[in-house]
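Down below is the structure, laid out as structure tokens.
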Amino acid sequence: MNRFMNLNLRTKLTIIFMMLVIIPLSLLGFFSYQKSTNMMQEQMSSGVLDNMKQINKNLSFFARDVEQLSMYIFRNSMVQETLAKPGDRSRLEKYEDYKAMQHLFETVLGPKTWEIRIYIIGLNGDRYFTGDFLPTQYDKYNENWGIFRKANQASGTMVWDTHYNVRKIDPQEVVLSAGRQLKDIGTEEKLGYLIIEILEPSLAGIHRTNRDQGEEQMFLLDSQGYIISSSPDKATVGTRMEFTDLDRILSGREGYFGTKWHDKRHILVYDTEEEAGFKIVKFVPMDQIVSKNSLIRNITFTITAIGLFVSVWLAYFLSKTVTKPLEGLIQLMKKVEIGRLDVRFPTKYKDDIGILGGSFNRMTQRLRELIQEGYEKQVRLKDAELKALQAQITPHFLYNTLETVNWMAKMKGVPDISKIVVSLAEMLRHSVKKDKELVIIREEITQLEHYLTIQQIRYRDRFQVFWEVDDAALNCQIPSLMLQPLVENAITHGLEMKLEEGTLRIAIQVIERKLQIKITDDGVGIKADVLQSLQQKQFSIIQPRHTGIGLENVVRRLDIYYSDQAEIIIDSEQNKGTSITIKLPIFRTGEKLT
């Protein structure tokens, strides 16, 4: 800002006009671009979601077909009879059963284009399958593991099981299995199991559509978040999807939201299949949406460039009409700086420049008048200084007179008069010093001792004074004449009104890196309402003959010197006494208050 304010007016006008054009246009273009991007994002996401709903319908049809296939095999009389036969029948009979079962497989799979494998596992030891070999987990199976456990729990209803891949580098061919427990239709006796393995290409053929393009990635997930199928990248099939918002997808029904995937901004769209609860998830790169919105961006840049050119031209035109007379005024001001007050600015119009020129002319006229007045004031000031110098003779004359009285008292043998005169003279000499605002505690104590000498003689020893001063505090600095008003208050309003002999205690200590001054008397104390006002620094309600006059002076000076670093505590109880504690930052000789 400082650099901008130091530029000449022409440059400032150019910059301001450019800002006035660029900022509104940029904001308008930015919000228009954002709004159109959001609208396009909504439209594309909605279109992708509609496409997913159609895919989920196809998946539901596929799931129903698989279930109907399993039900057909379950109810087939030949399957029922074969699995009910004893496992130790002849090889010829087993071969006949094998051929009948293969014929059944050809019949049910003939019109299908699916890539699936069917396994019939009988409790009598029979094994029938459509693949090239029988996997070990189906030959020597465990009824308490995997799909066998789910089939037993379902008791005849078809169940689904996802195949998991431990290592991402292993190819995942079989991704999903459907299983059913086979029972005797008449007796409900368990005969075996039917397992239908679904290969990944079967599912990929369902969810792969013409909309898939570019960097779009689609995943088919089970209810636990494991990837059953994907396209175009299939490296993660069989593993659990690694994505920060996976829980949001699994808990939701459908929707879309912006996210980061592979360190790039994407729109994630997902939908849930109703039959088996499969989730279809698709990542649409944000770049595809932004690229379609480039027209608005280009128009914004073009309009901003045109606005910038117009603003620069307007700024140049305006600067010529405004800055030229201002430059002339600046030249006249430079002449005034070197003492030429006879210059004048020619005003032709009553616009702002004309008003400024008229003010300049009146200013130079007033300057000439003020210079004349200043000269006259200097003469009068010299007169006043001479009179002030003469007035300073008075306190020195009084001090010298007190010295004379002191010698006369000594000569006459009146020591009390001598003590009072000496103490008063020292106090007068201390008060006349005006070369510094701060004094060390040692000097302030000396001044206070002189004051107490006068007061003890005046009150005929009606009170005793006890001192407690730390050596570490003697060289600390405080504002001059700060202790005397507090001690005077303690004597005048506390001890003077007490009938018996009183006690005044003055403690100056360094405690917890603070200078603490505590003045305590056992006088008549302060009334509760007055004490409350004093503690709240409300001195205006205090009567002239009550405590608070000297105290107010001390409090105000502490506020001036220390601001909020000074702390003053006032405690009092009627007929028991008063205590005033002041805590100050420590400043030693050579330091200054800040």
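The values are calculated or read from the model by the stated rules, or taken from the named source; none is laboratory data. In this text the structure is predicted, and so the values were computed from the model without any measurement. FYI the Cβ positions are ideal-geometry reconstructions off the backbone, even for glycines, and counts take in every protein chain you see. These area figures cover heavy atoms from the full protein model, side chains too; ligands, DNA and RNA do not enter into them. Shrake-Rupley method; radii C 1.70, N 1.55, O 1.52, S 1.80 Å.
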Please find, within region 462-488, the residue that is most open to solvent (accessible area, probe 1.4 Å) out of those that are under 16 Å from G550 (Cβ atoms) and in contact with a Phe, Trp or Tyr (Cβ under 6 Å, 6 or more places away or on another chain).
Q484
Can you tell me how many residues within region 123-159 are of a type outside the set (D, E, K, R), modelled with pLDDT of 85 or more and closer than 20 Å to V66 by Cα?
14
All conditions in (1) more than 16 Å from K576 (Cα to Cα); (2) touching a strand residue (DSSP E or B) at 6+ places or on another chain (Cβ under 8 Å); (3) free of Cβ contacts under 8 Å to residues at least 60 places away in the same chain are true of G525 except (1)
Does region 227-247 include one or more residues that are in contact with a Phe, Trp or Tyr (Cβ under 8 Å, 6 or more places away or on another chain), under 14 Å from E216 (Cβ atoms), of a type in the set (G, A, S) and at pLDDT 80 or above?
yes
Take region 441-461 and flag every residue that is in contact with a Leu (Cβ under 7 Å, 6 or more places away or on another chain) and either open to solvent by less than 40 Å² (accessible area, probe 1.4 Å) or within 20 Å of V524 (Cα to Cα) (or both).
I441, E444, L448, I454
State the number of residues belonging to region 262-281 that are at pLDDT 85 or above and under 32 Å from the mean Cα position of the chain (by Cα).
5
Filter region 514-530 for residues that are within 26 Å of E500 (Cα to Cα), open to solvent by 20 Å² or more (accessible area, probe 1.4 Å) and not in a loop (DSSP other than H, G, I, E, B) and give the result.
K518, T520, A528, D529, V530
With within 16 Å of L504 (Cα to Cα) and either small (G, A, S) or at pLDDT 80 or above (or both) as the only criterion, which of V439, V465 stands out?
V465
When you scan region 376-385, do you find a residue that is at pLDDT below 75, acidic (D, E), part of a helix (DSSP H, G or I) and under 26 Å from N8 (Cβ atoms), even just one?
no
Within region 51-73, does at least one residue satisfy the condition of being surrounded by 13 or more Cβ atoms within 10 Å (Cβ to Cβ), free of Cβ contacts under 8 Å to residues at least 60 places away in the same chain and not in a helix (DSSP H, G or I)?
no
Cβ contacts < 7 Å: first residue open to solvent by less than 80 Å² (accessible area, probe 1.4 Å), restricted to region 125-147; second residue of a type in the set (K, R), any location; separation 6+ or different chain. Result?
F129/R117; T130/R117; G131/R117; L134/R127; D139/R127; E143/R149
List pairs: first in region 556-569 and surrounded by 13 or more Cβ atoms within 10 Å (Cβ to Cβ), second in a helix (DSSP H, G or I), Cβ under 7 Å, 6+ apart or cross-chain?
A566/L558; I568/V555; I568/L558
So which of E42, E67 is at pLDDT 75 or above, acidic (D, E) and touching a strand residue (DSSP E or B) at 6+ places or on another chain (Cβ under 8 Å)?
E67
Taking Y316, is it part of a helix (DSSP H, G or I), open to solvent by 30 Å² or more (accessible area, probe 1.4 Å) and hydroxyl-bearing (S, T, Y)?
yes
Candidates V343, V284 - the one that is over 30 Å from R248 (Cβ atoms), modelled with pLDDT of 75 or more, surrounded by 13 or more Cβ atoms within 10 Å (Cβ to Cβ) and of a type outside the set (S, T, N, Q):
V343
So which residues in region 346-367 are assigned to a loop (DSSP other than H, G, I, E, B) and open to solvent by 100 Å² or more (accessible area, probe 1.4 Å), if there are any at all?
K348, Y349, K350
